[in-house]
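Asker: Just dropping this structure here.
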Amino acid sequence: MLGCSDRGLVNLNAASFRSTKRKLCMSESSSEILQERRRFLSKPRKFWMRWRVRAGYPVAVLFWIFAQPSYRSIELGAIIAAFGLIIRGLAAGHLQKDRELATTGPYAATRNPLYFGSALLALGFAIVGGSWADGAFVIAYFAIFYYAVMRNEEEDLQTRFGGAFEEYAARVPLFFPRHPAQPRDKLQTNEPPSKRFSWPLYWRNREYKPLIGTIVGLGLLWVRMWLHSRGW
């Protein structure tokens with residue numbers, strides 16, 4: 001029985017056959033080892049992705065219980081959270097999931113504008129909570145889980161878009177925004193309509209859900225402030 005691509009070697013002489021077969025077997029073995037290594041290294045990231053939402057619920061409950069919000073902390077935190085929602089909304093209006101690589105709008109400044117907006121949301125709620133320990137708890141949760149999620153999604157994008165993503169990643173930072181280095185004549189004002197912000201994409205990506213969740217969260221923290229003022 002032929003193995004290690006023997007069928008492509010039947011016309012070679014015996015010495016060449018053995019030499020070429022050895023190289024092919026080593027190549028196939030190396031490829032299998034590399035694939036297995038990638039699967040092993042991706043397991044921790046997939047673990048964090050799977051537990052991101054599950055861990056979020058107890059984090060939110062503990063945050064609410066130990067929060068000590070005030071009118072001032074709610075006002076300041078709500079402003080920062082609003083900036084996070086704006087960034088997320090703009091990003092959602094440029095994102096066609098699983099169809100094309102998003103590189104316009106906020107995606108021209110950071111590869112993960114949705115998560116950067118979420119980071120501002122987390123920071124806003126940390127400030128609203130009015131407790132350094134409570135805020136550090138929320139920020140630590142975000143940093144641990146979302147970094148793993150970003151890295152896992154990067155692998156998916158590279159697999160799906162190949163060289164286009166590599167070129168994009170070489171000029172745009174992973175997380176913290178940087179002003180896109182491009183001539184003024186290539187700014188988004190001259191881009192085709194398909195590359196500009198789209199309200200249908202905003203609704204298709206269900207970006208209204210974070211808006212609703214933020215309003216509900218701020219309302220619950222206002223209730224917590226009211227209860228705290230009465231000694232509860």
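Taken together, the values in this text are just the output of simple stated rules run on the coordinates, not laboratory data. None of these values were measured; they are calculated from a predicted model. Here the Cβ positions follow ideal geometry from the backbone for every residue, glycine too, while neighbour counts run over all protein chains shown.
Asker: Using only alpha carbon pairs under 8 Å that are at least six residues apart, calculate the relative contact order of the stretch 93-184 and give it in whole percent.
Answerer: Relative contact order here is 42 percent.
Asker: Rounded, prolate or oblate: which one fits the stretch 69-163, using the alpha carbon gyration tensor with axes a ≥ b ≥ c (rounded when a/c is under 1.5, else prolate when a/b beats b/c, else oblate)?
Answerer: Judged from the Cα gyration tensor, the stretch 69-163 comes out oblate (a/c at least 1.5, b/c at or above a/b).
Asker: Across 10 Å bins from the origin, how do the percents of Cα pairs in the stretch 44-229 run, short distances first?
Answerer: 9, 32, 34, 18, 6, 1
Asker: Once you put a point 7 Å from the Cα of residue 154 and another 7 Å from the Cα of residue 223, both along the Cβ direction, what distance in nm separates them?
Answerer: Label at residue 154, label at residue 223, 4.0 nm between them.
Asker: Can you give the net charge of the other residues whose Cβ lies under 12 Å from the Cβ of residue 67, counting K and R as +1 and D and E as -1?
Answerer: Charge balance near residue 67 sits at 0.
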